[in-house]
Structure formats: C-alpha cells, structure tokens
Amino acid sequence: MGFSGNYKDNSEPVEQALTHPYTRLTPDHVIAAVESTSRLSDARILALNSYENRVYQVGIEDEDPVIVKFYRPDRWSKQQIDEEHRFTQFLFDAEIPVVPPFIINDGDEYPTLAMHDDFVFSIYPRQGGRAPELDNLDHLHQLGRFIGRIHAAGQGFRFEHRLTLSVEQSGRNVDYLLEAGFIPHDLEAAYLAISGEIMDAVNARRPDADSYRQISLHGDCHSGNVLWRDDCPHFVDFDDAITGPAMQDLWMLLSGDTSNQQRQLLEVIEGYEMFYEFDLGELKLIEPLRAMRLVHFNAWLARRWDDPAFPLAFPWFNSPRYWSEYILELKEILTGLQQAPITMPEV
C-alpha cells in the first residue's frame, strides 16, 4: 500500500466509484428533478465546473436555461442551505448584484429547496459574465465597493446556522491528513514539524479572535465566484457563506509582491470604505487566512477522494511527489507568517 501501511494510493477503487451517491445523477435523474418543479426540460444538459456539489445547466422549453445545483449529501443541513439562500435574497433585495435561487415551493419551510432521489437541490437563473481582472485597479475598486455593501447589509442578517471561521478546524484539518494515512511515512516528521509551526503562528494572530468584528461573509470570494457583466461584479455561489472577519472576503483579491498588493489594497479598501468601515488591524490576518485556506484545501481534497470526480480532476494530488512539494509550500507559507504584516501605502 505504500509508505506507512495505510498510505492512500492515488488510484480510485472501482467499488467506491460505482457506489458513490453522485453516480445516481444521470441525465435522466437531472431532468426528472427539474421537471418535478413544473418546468418542462428540452433535454439539453451541460455539466458545469463544480466538485463539492454537482451543478448543471438545463434547457427549458420556450424559456431561458436554468442552473440546477445538487448538494453534496450530508454536508449541509437544510437549515444551513436555507440560511444561505435567505442571505442571498436579502442582499438581492438590497439591490446588491448577487444571484439568489428561485422559489420552488412557496409557503414551504424551505421554499428554495426540493428533493429528488434523496438529493437536495435548488434552481438558479443563468447568469452570464466573465471573471474580473484582478490586475485592473478599477475592477478592484468596484469589487471593494460591492463587498463593502455586502458586509454593511450583512449587519442586518446574522447567521444562526452557518459555520464560523475557526482556527481549531484548521488544526483538525492538519491532523486529518496524518490520521487518515495521506502523508507518506518518510515525510511525517517534516509534516508535523512545519504544520505545528504554522498553527502556532496562526494562533498568534487568530482571525477568529473577539478583537476582530465577526460578520456575515460570502466566505469564498475569489475571482471564480465573481462574474463581471455590465461593468459591474455579480457575486455567485454563497455555498461557503460563513461568519468571520471582513478580510476573509478581501485577501483573495490580492496577488504579486508586497508593493503590488499594497496598491491593490489601496483600491479595494478605498472602495470598501465607501459603504463600510475597514479595520486596518485586519491587515495582519492576510497570511494566517492564506495558511488556513491552504490547509483546508488539502484536507478537502483528501476527504473527497472517494468521489470519482476528484481523482479525475486532480490527478496530481496524493502522490509522494505531491506531498514533498506540499511541505515546501508550507515552508513558504511559514516564511510569510514570520514576516511583518503588510501595511497600507502612504498616500
């Protein structure tokens, strides 16, 4: 089996691939689910780029196509999904460019959710657009403005069922890779050492500390979840909506060296503060949040490795070479954590 006796090989067992719940989502099942909501499909289906859930564009007779999202079984409760949907509708009603789902069963406890073959699903309007240009300072300024609007409006919508950003969860993600046998035996000592140093550094600047304002967030605000259209960003996929510090929705807009990131921050925060005050103390959270995302990403891939879509989409994951490179990446992350936090440029 490999290095430690329980090291998980990169190949996908046939039995797991055949029994995974998503294998039931055939085109016929997708069409049947859509038609159960009183829509008549024209049988045109396009699978969209989504791994955590399954998302399809489905053609509708004499109407625009719709986007159908089937939620991963046992990930979110109906209460958590419903709260995400109510949040996006709340933002939409405040004239913020987000894309809420359609009402499927008006008057039901969860009106935007339906069930088919044990899958919870929702239906969205199709939203066109392109990714924002993160090297375009005007785009960054506008992104800052609209994220500021989301955060300001979110003061009136506090999550009760969604998760809260948690340093402890990051620690559990670190442990999971080791306990589940993903880390090769000859790399375990190096992995433990560097991961421990990273978590110590993250704990020293905890993004979930009470000293930072914890607010309702998009949670996964990278360029792939923003569609640029009509000279305006439209925010989609609030699947990871979470309570946390404002910087969680801002740091993924930054790239390049320190001077570039400072220029980008200036534009983002100038736009942001048109609608919501930014706490400059949160600048020290950029590197801890970056570290937490990297740890989360690898644990996420590992936890989903029995899903047949994952070995196909991420064939480079979970090889001895990959884990060696991951430890080098962790060392780079640690270097960033040990450096002085980024500051705003003088203007």
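Bear in mind these aren't lab numbers, they're just calculated from the coordinates by the rules spelled out. Only a predicted model underlies this, so the values are computations on that prediction, with no experimental measurement involved. Heads up, the Cβs are rebuilt from the backbone with ideal geometry, glycines too, and the neighbour counts pull from every protein chain shown.
About the centre of its Cα atoms, the range 165-229 shows a dipole size close to 480 debye [charges on the beta carbon of Lys, Arg (+1) and Asp, Glu (-1) only; nearest 20 debye]. Using a simple spin-label model with pseudo-atoms 7 Å out from Cα toward Cβ, W316 and D64 lie 3.6 nm apart.
Given +1 on the Cβ of Lys and Arg, -1 on the Cβ of Asp and Glu, and no further charges, what dipole in debye does the range 137-338 carry about its Cα centre, rounded to the nearest 20?
With Lys and Arg at +1 and Asp and Glu at -1, about 100 debye.
Placing a label point 7 Å from the Cα of L280 along the Cα-to-Cβ direction, the residues of the range 226-267 with a backbone N closer than 18 Å are 246-247, 259, 261-267.
Summary of packing: across the peptides 74-86, 329-341, the per-residue average of other C-beta atoms within 10 Å ranks them, highest first, as 74-86, 329-341. Between R303 and E95, the FRET efficiency from the beta-carbon distance, with R0 = 51 Å, is close to 0.85.
Based on Cα contacts under 8 Å between residues 6+ apart, the chain shows a relative contact order of 21 percent.
Hey, with R₀ at 22 Å, roughly what FRET efficiency would L163 and D210 work out to, going by the Cβ-Cβ distance, to 0.05? It comes to 0.80.
In the chain, the ratio of gyration radius to Kirkwood radius, Rg to Rh, stands at 0.97 when only Cα atoms are counted.
What's the extension gain from A190 to N136 if we count 0.36 nm per residue and subtract their Cα-Cα distance? Intermediate values should be presented prior to the final figure.
On the way: separation 54, 0.36 × 54 = 19.44 nm, distance 3.96 nm.
That works out to 15.5 nm of additional length.
A simple spin-label model places the labels of N260 and L40 5.3 nm from each other, with each point 7 Å out along Cα-to-Cβ. For the range 312-347 versus the range 130-192, the inter-centroid distance based on Cα atoms is 14 Å. Net charge dipole, the range 273-347: roughly 460 debye, given to the nearest 20, about the Cα centre with Cβ charges of +1 for Lys and Arg and -1 for Asp and Glu. Hey, if you put +1 on the Cβ of every Lys and Arg and -1 on every Asp and Glu Cβ in the chain, which of G144, G128, V174 ends up farthest toward the positive end of that dipole? The one lying farthest along the dipole's positive direction is V174.
With a cut-off of 8 Å between alpha carbons and a minimum separation of six or more residues, what is the relative contact order of the range 19-125 in percent?
Relative contact order of the range 19-125: 20 percent.
When each of the peptides 309-320, 135-146 is scored by the mean number of other C-beta atoms lying within 10 Å of its residues, the order from highest to lowest reads 135-146, 309-320.
DSSP beta bridges confined to the range 137-338 are antiparallel in about 90 percent of cases.
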